[in-house]
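What follows is a short report on a single structure.
The values are calculated or read from the model by the stated rules, or taken from the named source; none is laboratory data. Remember, predicted model here, so these are calculated numbers, not experimental data. Heads up, the Cβs are rebuilt from the backbone with ideal geometry, glycines too, and the neighbour counts pull from every protein chain shown. Surface accessibility is based on the protein's heavy atoms, side chains included, excluding ligands, DNA and RNA. Shrake-Rupley method; radii C 1.70, N 1.55, O 1.52, S 1.80 Å.
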Amino acid sequence: MNIHEFQAKELFRRYGVPVPKGIMASTVGEAAAAAARLFEDGVSFVVVKSQIHAGGRGKGTFKEGFQGGVQLCKSPADVTRVAEQMLGKTLVTKQTGAEGRIVRKLLIEIGSKIKKEYYLSILLDRQLSVPVMMASTEGGMDIEEVAKKTPEKILKQPIDPAVGMMPYQARNLASRLGLDGERIQQAVKLMQGVYKTFWECDASLVEINPLILSEGSDGTTHLMALDGKINLDDNALYRHPEIQEMRDLSEEAPLEVEASKFNLNYIKLDGNIACMVNGAGLAMSTMDIIQHFGGSPANFLDVGGGASKEQVAAAFKIILKDPHVKGILVNIFGGIMKCDIIAEGILAAVKDVNLKIPLVVRLEGTNVKLGQQIIRESGLDVIPAESLSDAAQKIVAAVKGLK
Ligand code: GDP
Ligand code: MN
């Protein structure tokens, strides 16, 4: 699950990671009121930030023409004008794809004077099997570009989860970033807070780009998180009811939301062959083999080991709601799940949706004969397949024949 920047910053505050003071607003009126409150503190400017589950907002463009999903504003009137250009409008960034995202919320924040921008993140290193904190002096840039062109500018610190992030590890990173004096102490507190956010929230990624050294009106400098991105591990969400509350369904693909209601693991992809498979491993090899035979999968769908007839029917309808789908491949290994149950689920769904595209079914395992018999006797136009490669070749051929 992803959350918004303002929610990430709320979690940061809990773990002692400094962030600018800010207020979330859902309407132009709320934005104006928030700005009025922040300007009361005597700040010279505030920042209006579009809240969508995608980065690159600063350099993004609204479909309606307005430039930039992050705006610096010098007065409440400025904030009102900017909020009107953002709320309800569609922001397109490098990360949203061409369709963009509708902005429904804004974060109004006290503006910071930036002395220097850094990059800081933490994620699981699959090779080392521990969390790794990454830091760079190249903040505010596209970090993938930095990793490609100047990998030596990305500093890495593995962390042993049994003891957490040690102060010396943070001091080491801080000094390699070129920080000195009191900034080192600030960095230690901040980095340990970021590690704690990652660990205690069961996050899969925490990223701050940019982390900034801000200059106060009195000339003092402070490190703080100017941006915040947190991805959470769905499998651990049950341990965090207060984080679950942060879920914003309007930011998620509608079909994926529908699938999660039925406990189905569905991820939409760009191809045209829909897959219905049980087990994540089998689902992945099915996608691979479709690709191998020149096709392109429209989705990942794991109906799980013990799916019911209702779940199968729901899964079938969900994959068909994707307008790009030109054919369906069902590949089920009946272990806990029985092939006759699958067959009945498919029939129920097919009758309901009036299927007009090719359907290849490969069943194997428990009650396979019964399952095949149910499908054969249904009178439905189903292409039976013997093996995984046979099934993949048949659906690829059938879909190509449609063009
Ligand atoms: P992103 O474009 O989605 O990554 O959004 P960010 O939160 O990173 O904001 C984009 C850019 O806006 C930052 O990299 C900063 O350069 C700028 N920005 C954001 N907040 C402030 C601020 O308080 N002061 C100044 N001077 N610039 C800001
Ligand atoms: Mn950013």
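Considering region 59-71, and only residues there that are surrounded by 15 or more Cβ atoms within 10 Å (Cβ to Cβ) and under 21 Å from G228 (Cα atoms), the residue that is farthest from ligand 2 (Cβ to nearest atom) turns out to be T61. Annotation: of all residues in region 190-247 being of a type in the set (S, T, Y) and over 16 Å from the mean Cα position of the chain (by Cα), the one that is modelled with the lowest pLDDT is S217. Close contacts from region 225-237, counting a first residue that is open to solvent by 60 Å² or more (accessible area, probe 1.4 Å) and a second that is away from ligand 2 (no atom under 16 Å from the Cβ), with Cβ to Cβ under 6 Å and a gap of 6+ residues or different chains, come to D233/D202; D233/S204; D234/M1. Scanning region 239-271 for residues that are in contact with a strand residue (DSSP E or B) (Cβ under 7 Å, 6 or more places away or on another chain) and closer than 28 Å to V330 by Cβ yields A253, L255, E256, A259, L264, N265, Y266, I267, K268, L269, G271.
Residues being within 25 Å of S112 (Cα to Cα), charged (D, E, K, R), more than 16 Å from ligand 1 (Cβ to nearest atom) and not assigned by TED's automatic domain parsing to the domain that holds K49 are represented in region 167-174 by at least one member.
What do you reckon, is L38 over 20 Å from the mean Cα position of the chain (by Cα), in a helix (DSSP H, G or I) and within 13 Å of ligand 1 (Cβ to nearest atom)? Taking the combined requirement at face value, the residue satisfies it.
Each residue in region 249-277 was checked for being assigned to a loop (DSSP other than H, G, I, E, B) and open to solvent by 20 Å² or more (accessible area, probe 1.4 Å), and 7 pass. Look at (1) within 24 Å of the chain's Cα centre (by Cα); (2) under 21 Å from F6 (Cα atoms); (3) more than 16 Å from ligand 2 (Cβ to nearest atom) and you find that V79 fails only one, number (1). Scanning region 41-58 for residues that are part of a strand (DSSP E or B) and either small (G, A, S) or within 16 Å of ligand 2 (Cβ to nearest atom) (or both) turns up V47, V48, K49, S50, Q51. The set of residues from region 189-238 being assigned to a helix (DSSP H, G or I) and of a type in the set (S, T, Y) comprises Y195, T197, Y238. Restricting attention to region 89-109, the residues that are open to solvent by 20 Å² or more (accessible area, probe 1.4 Å) and either within 15 Å of A253 (Cα to Cα) or not assigned by TED's automatic domain parsing to the domain that holds K59 (or both) add up to 6. It is to be established whether one or more residues within region 153-166 are more than 16 Å from ligand 2 (Cβ to nearest atom), in a loop (DSSP other than H, G, I, E, B), open to solvent by 40 Å² or more (accessible area, probe 1.4 Å) and touching a residue at least 40 places away in the same chain (Cβ under 8 Å). No: zero hits. Among the numbered conditions (1) on the phi < 0 side of the Ramachandran plot; (2) at pLDDT 85 or above, the only one that G365 does not meet is (1). For region 308-324, a residue qualifies if it is out of contact with any Phe, Trp or Tyr (no Cβ under 8 Å at 6 or more places or on another chain) and either open to solvent by less than 10 Å² (accessible area, probe 1.4 Å) or among the acidic types (D, E) (or both), and the qualifying residues are V312, F316, D322. The set of residues from region 19-28 being open to solvent by 10 Å² or more (accessible area, probe 1.4 Å), out of contact with any Ser or Thr (no Cβ under 9 Å at 6 or more places or on another chain) and either more than 13 Å from ligand 1 (Cβ to nearest atom) or free of Cβ contacts under 8 Å to residues at least 24 places away in the same chain (or both) comprises I23, M24, S26, T27.
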